[in-house]
Each structure stands twice: as structure tokens, then as C-alpha cells.
Amino acid sequence: MRILVVEDDAEAAAYLAKGLRESGYVVDHADNGMDGLYMATNETYDAIVLDRMLPRLDGLAVVETLRKAGKQTPVLILSALGEVDARVQGLRAGGDDYLAKPYAFSELLARLEALLRRGDGPTQQTRLQVGDLEMDLLARQVTRSGRAITLQPREFRLLEYLMRHAGQVVTRTMLLENVWDYHFDPQTNVIDVHVSRLRQKVDKDFDKPLIQTVRGAGYCLREPD
Amino acid sequence: MFALLSGVVLGLVYWTTAALIDQQTVTAVNTEMAGLKDIYHRGGPNALVSALENRVTGYQGYHHIYLLAPLDGEPLVGNLRQWPKVEPDRNGWMHFMVESEIEGRRQLWPAHARVVHLSSGLRLLVGRDMTERTGFARIMEQSLAFALGAALILGIIGGIIMSRNLLRRIDAVNRTAQTILEGDLSGRVPVSGGGDEFDRLAINLNSMLDRIQKLVSAMRDVTDNIAHDLRSPLNRMRSRLEITLVGKPDLEEYRHSLEGALEDTDHILHTFNALLSIARIEGRNAVETFAPVDLSELAANTVDLYEPVAEERGQSLTFTPPLGERPTTVMGDRHLLSQMTANLVDNAIKYTQDGGRIEVAVRFDATGAVHLVVGDNGPGIPEKFRHSVLDRFVRLEQSRHTVGTGLGLSLVAAVADLHGARLELSDNAPGLRVELAFPDRAAPPAQAEAAE
């Protein structure tokens, strides 16, 4: 997987590149908007991590130009502007996700993976399956090893999100944003409590736990090795 | 300006009065002339001569002037010694000076007369002494000159006083500006109380300064608070890292220390973000981003999010919507309102004992305004602290052991303020009851502010 990092802060870019390389990505770096746009249009990347405030060409302009040129490379925008309005602007310009600085690297990694996998598989699925856990999206039913599991609507949506991102790390912020549409950090471990409730229903009576806690990052739904 | 105006007024008085006198003279002379012509036509020259003689002897003095003379001869009758050496104008009017001896003194006085040629080669002059008019004119001229002079002097004095007053007041503004430039933001422009433009300027400048001072002190508070609240975790992190380096730690210890440092960083960032968002909310007046938000739905969602957390502590968390079908829509920023509600519920769960009760409700008051209520049966807040808990970083001693930035309620206050909602903390007997009264939907806060 090849990632383009467009970030003018050399040190931040170096850390980011190092972290991504250690996670198994091939990383290219541009330190201004013009070079970033040039590289993004002339090379093929699987995803772009784009700082919003860049010298020579603003991050939003880079995305806009890229999209007008027909490039659909997933773009994760990084910005010091964390407000919801700024986020909406970023997504409207053509960004696929938006992460406010300062961010945790694990958060960035999780979101990047979500972007990279998004292209996989049919989007209009009616059934999701992870191991012996099955979800029927039309009948809104969940079974594990053929046994029915009763879920509250919110628990259903939480599990659906985890199943759609099976095998990926999903952070608490991602869950808050996508399941609850909350764009702030509620301090308290609300998400942990919800997940542990879900675990009670999905994992408790079975040998192999599917919902796994990823330390310092979030959760991951996958079949244990 | 004043002098010019009074000059014009006096000039006008002079001119109209003079015109009136002239008009009267002309009318009198014309009437008399007509009478005399009538006598001449009926009785011939002799009748005219006798009539004139009567008049000349009848009027002692020279106010009335009569003279009858052949075209090129000595005067027949009249009280002028000779025909005036002046050419009459088209209508027979002439102005001339009469020389006479009154009480042994030679005098020159002005006269105004009309000449008519009669059919028998005679010419008749009827006129008036214009001394009075000239005298009047002189008096008028003198008083005019005097008035003008007085007006000029008064004007100059008034001007000097006014401009000195003006300069004095401008100087007051300048001095205030100077005070502020020197760093003392408490300086204000004095208001004289006269309610004139200068006062209005002073009042506006002062309220502008009030606002600036408030903003600056709010900013200073933020800085102080950042320094206060970030210094300790920063210091803790520093010591942690330093002490780890001093010893001869193994890998596990390094790992432990780094994880601790990461946790500290998260805490610092969280506090920092909370401060920034409060400052942003307070500095914001972009009410145009407001959209209708269903308060009931929002509250229900928040309760849904926190319900498991409350359950974990054996607390009951319930939501009660208002009775009836009335929509509970308010104009607002959905994300901020969510965050605010979440903060209130979060606080209630945090500060209420295990097994406690937390109730969230949306209701209408008598005026039809929508209220959001979060009540608990926890320890509550003593009345004397209820106001101060809305300030940043104020955490009651009893709550020091719980986790948090101490910014929750100040964020609530800031969001409430942005939405023009009234925030009220009261005794839930027992516990704390937080109630937010939203303004009527018909008047979103932006318009209410503009109407003020």
C-alpha cells in the first residue's frame, strides 16, 4: 500500500512517515501543496494524508483540484481546525475523512485503514459475516452459530459498524462519529461501556471472543487466530 | 455665522422699513398731486394758486413742498425759493437737496418730489421733506452697524468658547485613548450628561471599551487558566520522564513511563481542546449556522448514549418528553447542543452516588418556551457555589477526586449563552437541577440581539 503524506511540518511528517512505514506502508512525502498535487496526479497512491494548511497551495484546493481531475484516491485531511464547520468544509471539498490535530497516531492509522478498505466488496450488502457471527441487514437479525442474538437498535448499529470494518482497528472516536454522530470527546468511557454490553450478548456464551480490545487504540472485530 | 445672520436680518428690517416709508411718501404725494390737478382742472390756474397759497401758509416749515412755476420762469407760488436744478425721471420724480435758513442757520435737507406739467405751460411740484427718512436710515445704519459689531464680537467670543469646549472634549477622548495606549484598559471617556453628539460618541466609545476590556480579561483568564491547569500535568509528565532517565530502567519500565507520559499528554490535550472550544463558542456570533434542532430527539439520543454508563453504576437514567404533540424544536447548533446535553448528563452521572437517579426532561413553560431539564438526586451544589461553578476550572473540593477538566459546566454556560438560553441551577431537594430555558423560536437570539 502506497501512501502520500503532504505535510509542511518536517518533523511531524517524519514521525508520520516513520509510523506508517512501521505499519507496513510505503510512504512518499511532499512538503507543500503544489508538489503534493503534482505527485498525487502523476503517481498512483492508495491513500493521501493531507494537511489542510500548506504553503503554496491550500489543502482544500489540492483536494478540489484532484477531484476535478477525476482522481478518486481516498484523502484523509489533517487540520488544526477541529470545529464541526471546518470538518464539513473539508468533506465538502472532496476529502473522505477529517482528523483534527493533535491526533493520536493510532487514530490516524485506524481511519486510514478504514479508507483503504472502503473500496473493497460490494457496498450494498444485505448480509455481513465474521466467523460464525452473521447479520441480516434486511431482517435486522443477528445470529451466532445459528443462535439468535437480540440487540437494541443502537447495539445493532454498533455491531454493524464493527462488522463492516471487520479485521480493522476501529477507534472510540470513529464509533462516536459513525454510530452516534457525536463529534466531540465525551471524556467518560461511554463507548467502552457500550462495547462491553455488546460483548455480553455477542461473545459471552461462546468460546472465541470476536470483539477484541486494541490497547491504546480501540476495538477490532475479528476471528481469533 | 451668527454675525452674518444677524446682519441679514437687520438689513432686511432696514430695507423693508425704508421701502415702506418711500411707498408712503409716494402715495401721499400722488394723492395730493391728484387733488391739486383736480382743483386746476375745475378752477383754472387762479384756483390752483390760491389753493397752493393756503397750503404753503397752512403748513409751516418744510415738510410739505409745493412750487408752481411757468416752464421757464420765476416760481409763482410755493415754499421753495427756486426750481430745483435736477432732471426728473420718467415718472416725474426727482430727488434733490433743499437749502434753507432755519433760525438763522443754513441747512441742507433732502427732498423727494414729483413734477407735473400742466396744460397752461405751468409746471407743478409737490414733494416731501425726507429728513425723517434719512434720519431713520441713519439710525438704522447706526444700529445695524452696532448690531453687526456686537454680533461679530459675540460670535467670535461664542466661537472661541465653543471651540475651546469642543477641543476640551476631544482632548478628553484623546486622554482616554492615551491612557488605554499606556496599557490601562479601565480608562473611559467622560460623559457630560448633555445628551449631545459628543455624549453619544463618548457612550459608544465607552461601551466599545467595555466590550474590549471584557474580551481581554476573558482572554487573560483563559491564559491564566491554561497556565494553571496545564502546568501541573506538564510538570508531572516532565518528572516522570526525568526520573525514568535517571535510573537504570529496563524495557518494561521505559514502556510504563512512556505510557504514563502518553496518558498525561492526552489529559493535557483534552483540557486544551476543551478550553479552546469554550473560547471559540464564546467568541462566536455566527448564529447563521443555526438550524432547527429537535430538543427531545437530542436529549433522547444523549440518554441513549449514557444509559449503559449509568446502569453500570446502578443509577437510573430516564428521559421524559413533554406531553402532547407540540414540536420541541429550537434554533441552534446541533453539535454544540449535543455536547452540552452530554456534559450535563455526564456530570450528573459522575457526581451522583451509585444507585442514584438522573432524570432528563424536555418541557414547555407557561409562555410556551422549551426547557431542557437535567436533575439528579446526588449531593447537589450549595447555593453560594452555584454561580461560580459556571466559571472555568471551578471544581468543588468534594469533587476533586473525580476525573475531569472542570470545564464541563463552563462549556454548558457558553453554549447556553450562544443560544440565548437562560441557565439556572437549583436545588432538586436533594440533588442538583439544571434547567435551560430556550428563547421563543420566533425570535432566535441573533434577532433578539439586533432588536436591542
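Structure notes:
- For the stretch A:12-87: relative contact order, % (alpha-carbon pairs under 8 angstrom, 6 or more apart): 28
- Residue-averaged 222 nm ellipticity for the protein assembly as shown, from DSSP H runs of 4+ at -39500 (n - 2.57), nearest 500: -17000 deg cm²/dmol
- Partner lysines whose Cα lies under 26 Å from the Cα of B:LYS85, excluding those fewer than 8 positions away in the same chain, are identified as B:LYS37.
- Spin-label proximity, A:SER23 to the stretch A:142-182 - amide N less than 16 Å from point 7 Å beyond Cα toward beta carbon: A:165-175
- Note that the protein assembly as shown, at 25 °C in a medium of 0.890 mPa s, gets a Stokes-Einstein diffusion coefficient of 71 µm²/s from its Kirkwood radius over C-alpha pairs.
- Straight Cα distances below 19 angstrom link B:LYS248 to none of the lysines, with same-chain residues fewer than 8 positions distant left out.
- Extension gain, B:ASN174-B:VAL116: 0.36 nm per intervening residue step, less the Cα-Cα distance, totals 13.2 nm.
- The Kirkwood hydrodynamic radius of the stretch A:127-221, based on inverse pair distances between different Cα atoms, is 13.5 Å.
- Sorting A:LYS18, A:LYS71 from the fewest to the most surrounding beta carbons within 10 angstrom yields A:LYS18, A:LYS71.
- From phi via Karplus (6.51, -1.76, 1.60), per-residue ³J(HN,Hα) for the stretch A:5-16 in Hz, x at Gly/Pro: 9, 10, 8, 7, 7, 4, 5, 4, 4, 5, 5, 4
- Restricting the stretch B:65-133 to GluC sites (Glu not before Pro) that sit in a DSSP loop and have at most 11 other Cβ atoms within 10 Å of their own Cβ leaves B:GLU103.
- Cβ crowding within 10 Å, taken as a proxy for footprinting-reagent exposure, orders B:MET237, B:MET219 from fewest neighbours to most as B:MET219, B:MET237.
- Bridging of A:LYS101 to lysines at a Cα separation below 19 Å is possible for A:LYS18, once same-chain residues fewer than 8 apart are set aside.
- Loop GluC sites (Glu not before Pro), the stretch B:152-256, which have at most 11 other Cβ atoms in a 10 Å radius of their Cβ (DSSP): B:GLU182
- Summarising the amide proton neighbourhood of A:LEU137: residues at separation of 5 or more, or on other chains, whose placed amide H is nearer than 5 Å comprise A:ARG127, A:LEU128.
- DSSP bridge orientation in chain A - percent antiparallel, rounded to nearest 5: 50
- Residue order, fewest to most beta carbons within 10 Å, for B:ILE243, B:ILE65, A:ILE149: B:ILE243, A:ILE149, B:ILE65
A short reminder: the numbers here are calculations on the coordinates, not readings from a lab. Everything numeric in this text was worked out from a predicted model, so none of it was measured. So basically every Cβ, Gly included, is an ideal-geometry build from the backbone, and we count neighbours across all protein chains shown.
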